[in-house]
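K.L.:
Please read through the structure below; I'll follow up with questions.
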Amino acid sequence: MTDTPASRPKLRLGTRRSPLAMAQAEEAARRLCEAHGWLEEAVELVPVIASGDRIQDRPLAEIGGKALWTRELDIWLDEGQIDAAVHSMKDVETIRPDSLVIAAILPRADVADRLLGAASVAQLEPGAVVGTSAPRRAAQLLHHRPDCKVVTFRGNVATRMAKLASGEVDATFLAAAGLDRLGESGVGTRLDPEDWLPAPAQGAIGLECRADDAETRRLLDAIDDAASHVRVSAERALLEGLGGTCHSPVAALTLKSGSEWTLRAAIFSENGASRIDGECRFATDNFDEVRALAADMLARAPANIAALFAGRL
C-alpha cells in the first residue's frame, strides 16, 4: 500500500511491552478512536522494553527507581519517534522534564490493592512470608502484622501469580486495576482503600506528550477525565511536597466531598512500626493545602520516617 498522509497513523503511542502496559495502551487507543471517530489503525502502538522490565531480580530502589519505567519513552518522545507515551501514573516520577506534559488522565479505575493467598490481612498465618517490592505495601503490612516476613517479589502480574502458586511465598499484593485490565477480576481479596490506603495515583493511566506539541495536546485533551486528573495531580503534589524516593513508604486516597476534595495520607517507617497520618481538604485548582499537609506530616515524623523522605520521587 502506498504510504500517503491519509494512510499514516494520526498518533503513535509509546508503551512498555508488558501485558498490562499493552492492555493500558490499547484502552487509550480505543478511547482516542471513539472520541475522534477514527478507525482503529489511526493509532499505532509502539512498544519498548523498559529498563525496569529488563531487571527483575532487585528492588527498583536499588537500580534507579521510577525512571526505569519512563527513560526509554522519554527519549523516544524527545526524538519524535512517538507522539505520546502511555504510563501507569503510579510509576511516573513526580518531577518530570519541562519539555513534557501529562496531557490526559483516563477515567481512574479501582484504586484498591488485592491480597492473594489469604482472605484478609488479619487471616494471614502467623509468620506468613509475603512477597512485595513496594515499600508502602511492606510497611503497611508490617504495621498491621509485625509477625509477617516480607521478601522481594518483582515481575509482571502473571509472573508474581505463578510465584505465589508455586509456594515461593504465602501471599502477595496486586493492584485491583491491573488485575481487572488483564481479565483477572475474580482474583484475590479486595482491600478497602479507606482502611488499606493505596499508592498515590494507583489505578490511573496517563498520556504524556511534548509540551510544545499543540496538536497532540488537543487530541489527547478529548480523553482527559477531569476528576481523575484532579485526584492524580493532588496525590503527585503530595509526593512532591514529601520529597520521597523509591524507599519512601507513602499511601494516599483522594475523595470528592461536596465541592471540595479530601486527601488522606499516611507515611511509615520501613518496618511499619511508626506511622504518621494526615488529611486535608482542597479546591479543584489549588493544591496549596496538599503541600501544607506534606510539610505538616514531615514535621511530625520521627527520625525513622523522616530519613526515608530525603529526595524526590
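The values are calculated or read from the model by the stated rules, or taken from the named source; none is laboratory data. Since we're looking at a predicted model, the values are computed, not measured. Neighbour counts are summed over all protein chains in view; Cβ atoms, including those assigned to glycine, are modelled from backbone coordinates with ideal geometry.
K.L.:
Looking only at region 235-265, which residues are without any contact (Cβ under 8 Å) to a residue 12 or more places away in the chain and within 21 Å of D192 (Cα to Cα)?
P.N.:
L255
K.L.:
Further question on the same structure: Looking at this structure, is A158 within 30 Å of R12 (Cβ to Cβ), in a loop (DSSP other than H, G, I, E, B) and in contact with a helix residue (DSSP H, G or I) (Cβ under 9 Å, 6 or more places away or on another chain)?
P.N.:
Values: within 30 Å of R12 (Cβ to Cβ): yes; in a loop (DSSP other than H, G, I, E, B): no; in contact with a helix residue (DSSP H, G or I) (Cβ under 9 Å, 6 or more places away or on another chain): yes.
When the stated conditions are applied, A158 does not pass them.
K.L.:
Would you pick out the residues in region 172-189 that are surrounded by fewer than 20 Cβ atoms within 10 Å (Cβ to Cβ) and in contact with a strand residue (DSSP E or B) (Cβ under 7 Å, 6 or more places away or on another chain)?
P.N.:
The answer is V187, T189.
K.L.:
A follow-up question, please. Please state which one of A211, A201, A177 is among the small types (G, A, S), touching a Gly at 6+ places or on another chain (Cβ under 9 Å) and at pLDDT 95 or above. Spell out the reasoning first.
P.N.:
Working: A211 fails: touching a Gly at 6+ places or on another chain (Cβ under 9 Å); A201 fails: touching a Gly at 6+ places or on another chain (Cβ under 9 Å).
Within the list A211, A201, A177, the selection yields A177.
K.L.:
Out of all the residues in region 212-234, is one or more touching a residue at least 12 places away in the same chain (Cβ under 8 Å), over 27 Å from R12 (Cα atoms) and in contact with a helix residue (DSSP H, G or I) (Cβ under 8 Å, 6 or more places away or on another chain)?
P.N.:
Checked region 212-234: at least one residue is touching a residue at least 12 places away in the same chain (Cβ under 8 Å), over 27 Å from R12 (Cα atoms) and in contact with a helix residue (DSSP H, G or I) (Cβ under 8 Å, 6 or more places away or on another chain).
K.L.:
Right, next: From the list R114, R108, R137, pick out the single residue that is part of a loop (DSSP other than H, G, I, E, B), crowded, with 18+ Cβ neighbours inside 10 Å and either aromatic (F, W, Y) or at pLDDT 95 or above (or both). Give the derivation first.
P.N.:
Values: R114 fails: part of a loop (DSSP other than H, G, I, E, B); R137 fails: part of a loop (DSSP other than H, G, I, E, B).
Going through R114, R108, R137 in turn, just one is part of a loop (DSSP other than H, G, I, E, B), crowded, with 18+ Cβ neighbours inside 10 Å and either aromatic (F, W, Y) or at pLDDT 95 or above (or both): R108.
K.L.:
Starting from residues that are in contact with a strand residue (DSSP E or B) (Cβ under 8 Å, 6 or more places away or on another chain) and polar (S, T, N, Q), keep the ones in region 140-171 and report whichever is surrounded by the most Cβ atoms within 10 Å (Cβ to Cβ).
P.N.:
Taking region 140-171 and keeping what is in contact with a strand residue (DSSP E or B) (Cβ under 8 Å, 6 or more places away or on another chain), we get 140-143, 148-153, 157, 160-161, 163-164, 168-171.
Applying the additional criterion that residues be polar (S, T, N, Q) yields 140, 152.
Details: Q140: 25, T152: 12.
Per the criteria, the residue is Q140.
K.L.:
Are any of the residues in region 287-309 of a type outside the set (V, I, T), assigned to a loop (DSSP other than H, G, I, E, B) and touching a residue at least 60 places away in the same chain (Cβ under 8 Å)? Outline the logic, then answer.
P.N.:
Looking only at region 287-309, we keep the residues that are of a type outside the set (V, I, T), and these are 287-289, 291-304, 306-309.
From the residues that got through so far, the ones that are assigned to a loop (DSSP other than H, G, I, E, B) too are 287, 301-302, 307-309.
Going one step further and asking which of them are touching a residue at least 60 places away in the same chain (Cβ under 8 Å), we end up with 308-309.
Yes; the residues of region 287-309 include at least one that is of a type outside the set (V, I, T), assigned to a loop (DSSP other than H, G, I, E, B) and touching a residue at least 60 places away in the same chain (Cβ under 8 Å).
K.L.:
Could you list, in sequence order, all residues of region 36-51 that are out of contact with any Gly (no Cβ under 9 Å at 6 or more places or on another chain), surrounded by 14 or more Cβ atoms within 10 Å (Cβ to Cβ) and part of a helix (DSSP H, G or I)? Give the derivation first.
P.N.:
Going residue by residue through region 36-51, those that are out of contact with any Gly (no Cβ under 9 Å at 6 or more places or on another chain) are 36-44, 49-50.
With surrounded by 14 or more Cβ atoms within 10 Å (Cβ to Cβ) added as a condition, the list becomes 36, 38, 42-44, 50.
Residues satisfying the conditions are H36, A42.
K.L.:
Would you check if V101 is more than 30 Å from R210 (Cα to Cα) and buried (at least 18 other Cβ atoms within 10 Å of the Cβ)? Talk me through it step by step, then tell me what you get.
P.N.:
Details: more than 30 Å from R210 (Cα to Cα): no; buried (at least 18 other Cβ atoms within 10 Å of the Cβ): yes.
For V101, the condition - more than 30 Å from R210 (Cα to Cα) and buried (at least 18 other Cβ atoms within 10 Å of the Cβ) - is not met.
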